[in-house]
Structure formats: C-alpha cells, structure tokens
1. Give a quick list of chymotrypsin sites (Phe, Trp or Tyr not before Pro) in region 81-156 that DSSP marks as loop, anything other than H, G, I, E or B, with at most 14 other Cβ atoms within 10 Å.
2. With a sphere of radius 15 Å drawn around the Cβ of residue 427, what net charge do the other residues whose Cβ falls strictly inside it have (Lys, Arg +1; Asp, Glu -1)?
3. Relative to 2.2 N^0.38 Å, what does the C-alpha radius of gyration of the chain come to as a ratio? Two decimals please.
4. Rounded if a/c is under 1.5, else prolate if a/b beats b/c, else oblate: with a ≥ b ≥ c from the C-alpha gyration tensor eigenvalues square-rooted, which is region 71-319?
5. Report the net charge of residues surrounding residue 217, where surrounding means a beta-carbon distance below 12 angstrom and charges are Lys +1, Arg +1, Asp -1, Glu -1.
6. Excluding the sites themselves, what is the longest stretch of the chain that contains no trypsin sites (Lys or Arg not before Pro) in a DSSP loop with at most 12 other C-beta atoms within 10 Å?
7. Kindly state, to the nearest 0.05, the FRET efficiency for residue 21 paired with residue 78, given R0 = 25 Å and r defined as their beta-carbon distance.
8. Using the Cβ atoms and a cut-off under 12 Å, what net charge is assigned to the surroundings of residue 351, where Lys and Arg are +1 and Asp and Glu are -1?
Amino acid sequence: MNYTRSSALFAQAEKVIPGGVNSPVRAFKGVGGTPIFVKEAKGAYLYDEDGNRLIDYINSWGPMILGHAYQPVVDAVVEKAKKGTSFGMPTEIETQIAELAVSMVPNIDKIRFVNSGTEACMSAVRLARGFTKKDKIIKFAGCYHGHSDSFLIQAGSGASTFGTPNSPGVTQGTAKDTLLAAYNDIENVKQLVEANKNEIACIIIEPVAGNMGCVPPQNDFLNKLRTLCTAENILLIFDEVMTGFRLAKGGAQELFNINADIVCFGKVIGGGLPVGAFAARNDIMNELAPLGPVYQAGTLSGNPLAMAAGLAMLTELNNDAEVFNRLAEKTEYLHKGIAKVLNDNHIVHTINRVGSMISVHFDASPVVDFATAAKGNNDTFKKFFHGLLNEGVYIAPSAFETWFITDALSYEDLDFTINAVNKVAKTL
Ligand SMILES: Cc1ncc(COP(=O)(O)O)c(C=O)c1O
C-alpha cells in the first residue's frame, strides 16, 4: 500500500508536535516506519489519508466497541453540541449517565466523572490513601494505569522492595511509595504486604491485563488478592479502563464475580470522547470533595458532549442482552482461525484471549506476566504488523498491546483477517 501522504503529514507534524504525535505509541517506535494518518472511520474500517481501507483491531484503543461513527453516539453528540459545549455547572445528563453506570456495574453506589483513564486511576489512588490514611500502593509490572507519577515506576534494584522512577521527572520521593509485584504471583504480593505491614493503602490491578498484550488472571489470583486486601485493610482497585463495559455489562467484577473496593473506567464509558470515571460504595466515595476532605476536581469533568456520547454508548450496551456474547464469539472465531494458520505455517506463538480482548505473542511459553510477555520475538512481531498492514489489517503497533474486537466486525472481515494472517505467516 502507498503511504506517501501519511508520511508527508507526519513530517509536517514532527515540526510542531514532539515526535509528531500526541501519545507516544502512535509513533510506530515499536515496529518501525511512520504512522498512518486517519482521514475518517466507519464501522469496522479506518480510511487513511492515502485512500487505503484498513480493518481496525485497535478501535481507538478500546472505546469504539460498537464500531466507528456509531450512529446513536454521533446523533447524541451533534444534538448536544447545538445547545452549548461546556458550562462548568451541573447538568441533568451527568446524573442520567451516573444512574445508568451504577445500575450496570456491581458493588458501586456513586461514580465521579473525569476526563481520562489517567485521571481516574490517579484520583482513585488518592481516594484510597485518604480513606485508609496510608501512603504506599502496590501495582503490577506490565500493568498500565495512565501516566501519573505514582504509576511510572519500575522494579527497584537488588533487595529493595520499592520501585524507582522509569521516567525523568518522577521523583524518588514518589517512587518510594509504589511497590511493584509480578502479575499472577500471589506469594510475591504477600511478601510485599508483609514487608510493609499496615502501610499499604491499595493494590491497583488490571483485572485482565491489556498493556502487556492480553494477560488473563490465573489460578484464582483476583480472589486471592481480594482475600488478602480484606484481611490487611487494603483497598482493592480494579482498573477497568479497558475491561469496563467490555468484558460484561458490569466489567471484570461481573465476569469473575469479585467485588473491588474502587473501580476505574475510561475508554468505552466515553463512547469515543475524553471520559474517565471512578466509582465505589458510599462510605468511600463520600470522602471526596465537596462531601469529604479528599480533593478532586475538573473544569471539563462531566462535559455535556462527553456525557451525551457516553450515555448513548452505555444505553446501547445495556439494551443489547447479546452484545458481549457476540463479541466473545467473534473473538473466539478469530483466535481459532489465527491459531490454525500460524500452526499450519509452523510459527511459534501463544494467543491469549478473554472476551473481546486478544493478543498474539511470538513465543511458545505461556504468557502470564510481564517477564513472560517480554520474551516474545519482537522481530517477528514487527514483520507480522507490517505484513498485516500491507494486507489492509491494522493491529496495534506494539507487541505489548491487546487487540480490541468491535461488534462492527462481520464474519467476512474476520475471514479476511485470517486469510491475511495466512499470507503474512508465509513470510515470517
Ligand atoms: C488499563 C488502563 N488504565 C489507564 C489507562 C489510561 O487511560 P488514558 O489513556 O485515557 O489516560 C489506560 C490507557 O490505555 C489503560 O489501558
């Protein structure tokens, strides 16, 4: 395919935007080459500035679960925009979407809307610290909770239990309060808790990890975390920015039948507009300003256009009893098809899948945490990515991302994709 115009647009963007992009993964650093500029999108397809049509398996990194330019969402936003785009005052639609979200998600009484998943996770941790009056947090290597300072932490050296900053600008002071554990390793978490007795405010986790490829929780890991947190007076935060309103109406809490103490949302909840949210039971949420002392605010929080998009999206998902089954069936079909052609072509791989999240790792061993995810052959992944792109199939430009399946995909699209994988597999 020809990408002359995208390349020219990228060169122009690089002059005025750092790296030419407003979020790093878009820059193709993980796979080489220059990013594709999107002109428009509809349903399961992206149309780029060079006139190519691509089947989209990223879907804006999750939000477009029903496809691009989904009519009820577009209509809701257009109608709202005509009546003013921001007031900084309460509007009825904020209560409407809050009521709907609270009715769909188990175990939450109140929800606060923000503008991104980053903000949701950052605020949830502050709330957990305020509620428990403790400072330290545990996160898992390979889980991403946005780019606030407390999360930009990597494993510390040697015997230290606390992390070190993995970005300049994050202070040692911040890093010392974030402890890093291995995903799916309950003994590791227990050791950290024991070594930091009565100091840990919360454990934050992606209940199905999607930022090291798709990594499902194993061996009752989430239940064990729940038991540990309850015993140690630690709040369990489910970061459902990816999984919320995707794996089930009530997200991972519903799918695995486990109650978290605080739940973070983003992506689907905003229907493609910038929305995040965090939610919990009353006694926790009532600690938030203006009711309680934990401060959190936002000029554009609860923005009417964003709320209109989110409300339209959640309404569609709430009214369609079959949507999550349909998504899981399509994903399973894709999984089986890709596995067959990779096996037929003797390509060493592991595919992980939960609901409509799926990823292909180019290594034979099970992928259960960051260390095993990092073993994947990145050269193979790069060829796989560019090969698929050339066939008109767009997956995330990084081996550490999950694919997000949209209900707009037809079985013809899935067959086209499997066929494309077959062609590419012959070149790997
Ligand atoms: C699980 C998870 N949490 C938080 C975030 C941050 O969300 P945002 O990019 O909207 O700030 C992401 C983004 O990909 C995510 O995947």
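Values quoted throughout were computed directly from the atomic coordinates according to the rules given, and no laboratory measurement underlies them. Everything numeric in this text was worked out from a predicted model, so none of it was measured. Here the Cβ positions follow ideal geometry from the backbone for every residue, glycine too, while neighbour counts run over all protein chains shown.
1. Qualifying residues, ordered by number: 87.
2. +1
3. Expressed relative to 2.2 N^0.38 Å, the Cα Rg reads 0.97.
4. It is prolate, given that a/c is not under 1.5 and a/b is the larger ratio.
5. Overall, the nearby charge balance is -2.
6. Numbers: sites that count: 82, 83, 133, 197, 426.
The longest uninterrupted stretch comes out as 198-425.
7. Step by step, r from the Cβ atoms, then E = 0.35.
8. +1
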